[in-house]
Structure formats: structure tokens, C-alpha cells
Amino acid sequence: MFGAAGRAYVYGVYGMHTCLNVVTGPPGEAAAVLVRAVEPLAGLEAMRAARLARALATRRVDRADPARAAARIGALSPALVAGGPANVAAAFDVTRDDDGADLLDPAGFLRLEPVPDDEGAPIVRAAQRVGVAYAGPGWADRPWRFLAVGTGEAGLG
């Protein structure tokens, strides 16, 4: 999170989930955006396969019944396959080893892609964060959740 802008900051949560952030500030300054959801535009089945592999590797209940796990993940709507920070990491097979990856490298496995010229830039709106009421007034109501409007159900958060 203290690295150069455009780098991945990947960390573990509760010893079982992985989260992906995009570093946004200058080196030495803590500044990053958590990738909370991604709308699949291509590669949906590969994302499902990665989610299943992660589930089988990390969840005892899924290892006990792989067919049930496959059916559960196979039944997810496209918006939910990479909906949620840990699901983003699982769907793209992001691991702690990807921490520090250059997300601006066009040849990188994990990278940010520009919006195609024919689509134009998405409209981005800010909203209150979700699930942080415990932070109290002044923090919980800050508009630090960003959504790409008009791109479907998923957005940037």
C-alpha cells in the first residue's frame, strides 16, 4: 500500500481470504483502492473454475463435497462470481504472491485495462460505504464507495 501507484497491494484477511487493492498514491504514502467487485465481460467460466479451485483449497466443507461446491459456484449469477473482495481475488486467482505486481504492465497476468475507445469513459458516482456503521458518524457516511454507472449490476467499490 506504500508502493508506487499502479501496483497491486494484496493481503490476507482472517487467514482465509485474499483481497486486492490498487495502490493510488506516491511511494511511501498509504493510498489504495480496494477492488470490491468486478463485472465479468469475458472469461466467466475461467473465473468460475478459479473460484472452485480456491474453494476446494481453502474450505473444508467444499473439499468434503466437491460436486456440491461446483454446483453452488456454477449457479452464481455473473454479477456474483466476482462480487465481494475475496471473490474478486478468487475469481482472478490472485494470491499473496501477486503483491507488488505492476498492474500497468500490458503483458502482466494481473493488469488494469483501458476502456476501449468506442465505449467512452464510464460515469463514476460516489456512495456511502457498506457494512461500516461501526465506524460511527463522520466515517461510516463518507462517500468512499465508487460505482461505474451503466455497466451492469457490479461496480467499483
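A compact table of results
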| item | result |
| --- | --- |
| Test result for residue 91, more than 21 Å from residue 15 (Cα to Cα), aliphatic (A, V, I, L, M) and free of Cβ contacts under 8 Å to residues at least 60 places away in the same chain | no |
| So residue 107, is it free of Cβ contacts under 8 Å to residues at least 60 places away in the same chain, in a loop (DSSP other than H, G, I, E, B) and open to solvent by 50 Å² or more (accessible area, probe 1.4 Å) | yes |
| Single match in 48, 7 (criterion: among the basic types (Lys, Arg) and more than 16 Å from residue 86 (Cβ to Cβ)) | 7 |
| Residues satisfying the stated conditions in the range 93-104, i.e. in a loop (DSSP other than H, G, I, E, B) and open to solvent by 90 Å² or more (accessible area, probe 1.4 Å) | 104 |
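To keep it simple, each residue is scored yes or no on (1) acidic (Asp, Glu); (2) open to solvent by 80 Å² or more (accessible area, probe 1.4 Å); (3) at pLDDT 80 or above.
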position	(1), (2), (3)
122	no, no, no
128	no, yes, yes
134	no, yes, yes
139	no, yes, yes
143	no, no, yes
147	no, no, no
153	yes, yes, no
157	no, no, no
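The values are calculated or read from the model by the stated rules, or taken from the named source; none is laboratory data. These figures come from a predicted structure and were not determined experimentally. Counting neighbours? That spans all protein chains shown, and the Cβs are built from the backbone with ideal geometry, glycine included. In case anyone asks, the SASA skips ligands and DNA or RNA and just uses the protein heavy atoms, side chains included. Shrake-Rupley method; radii C 1.70, N 1.55, O 1.52, S 1.80 Å.
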